[in-house]
């Protein structure tokens, strides 16, 4: 594996904010983000206030416009204690910042001190809103509203991993090929992959060439488990949607953290409705009542001609693994319905709201 460079995070969520915002920021590697943070805490926003406009803007574009009081409920790093209340300042003119903190909501944040409170280490990259999905708590970062975020336990594990240095040399593999394969099967199945449609291609022991956040350090032994659909045999590159797989740590059994650990495609859609600003006010209270059914691409395109509010545009062509969904709500709750296009079951690329159904007309979504 080759090392993936730090992504340049150009946030395309300007429509998510109630006011005009702009900006982009170079992303930090996860371990570097954790290292730079003065404190990493979980807490609840107990109150907020707008800050007075400074007398002079000066050369900096950063202008802190909002201050939130956050009561700490858990400390991951730093000298704070549970119950402490800290001030977190935000620049609502900069798209990546924590200006989207909401009173009464819970967050996990990586922060640095300024002498007048705290601000983001890297303009929102380390801040996650903690959203309830049934009994589960999901941590959703600013750029993760289209991918569902992570179960809070997963993110906590990633933080603990990042605060411990890796071994000086790779440890001897402990898991057998058969044990790793069983772990991979269970992980992929939990992630919604229908392995009955695939054929095992290979299971290979190798030393990875880069870190896998929360899972492995560079040079660790990993089992690579690879499946593909019969129609992909002999093709290079293999078409998207025709292969599946993951890495299993040969000593700890940890699985490549790209897996969302039990978040289904429908879960990703529900989290989007709970966290994406233009849809949140109308649909967050209904998100867990949503009922989904599959559409063909043609059916979705025909219905999309009637959409009102929408997220992005339909593409001219989609990969075979793309799912097309219709979501509506129990009778008497809301007459509207929603269209979703989800790439490879993991990333929302289109959402559209359909007008309310005529009175008495029932939906077949389930």
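The values are calculated or read from the model by the stated rules, or taken from the named source; none is laboratory data. Since this is a predicted model, take the numbers as computed values, not measurements. Methodologically, a virtual Cβ is constructed for each residue, glycine included, from the backbone with ideal geometry; neighbour enumeration extends over all protein chains shown.
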Check: Does at least one position in the range 284-297 carry a residue that is surrounded by fewer than 14 Cβ atoms within 10 Å (Cβ to Cβ), assigned to a loop (DSSP other than H, G, I, E, B) and in contact (Cβ under 8 Å) with a residue 12 or more places away in the chain?
Finding: yes
Check: Looking at the range 337-352, is at least one residue loosely packed, with under 11 Cβ neighbours inside 10 Å, more than 19 Å from residue 278 (Cα to Cα), at pLDDT below 95 and not assigned by TED's automatic domain parsing to the domain that holds residue 132?
Finding: no
Checklist line | Condition check for residue 288: at pLDDT 90 or above, outside the structural domain of residue 205 (by TED's automatic domain parsing) and touching a helix residue (DSSP H, G or I) at 6+ places or on another chain (Cβ under 7 Å) | finding: yes
Item checked: residue 281 in a loop (DSSP other than H, G, I, E, B), out of contact with any strand residue (DSSP E or B) (no Cβ under 9 Å at 6 or more places or on another chain) and without any contact (Cβ under 8 Å) to a residue 60 or more places away in the chain -> no
Notebook entry, point to check: What residue, of 192, 157, 234, 149, is modelled with pLDDT under 95 and over 26 Å from the mean Cα position of the chain (by Cα)?
Noted result: 234
Next item on the list: Starting from the range 230-245, keep only residues that are in contact (Cβ under 8 Å) with a residue 60 or more places away in the chain, then list their pairs with residues that are in a loop (DSSP other than H, G, I, E, B) and loosely packed, with under 14 Cβ neighbours inside 10 Å whose Cβ atoms are within a distance under 9 Å, requiring at least 6 positions of separation or different chains.
Entry: 239/319; 239/320; 240/319; 240/320; 241/319; 241/320; 242/235; 242/320
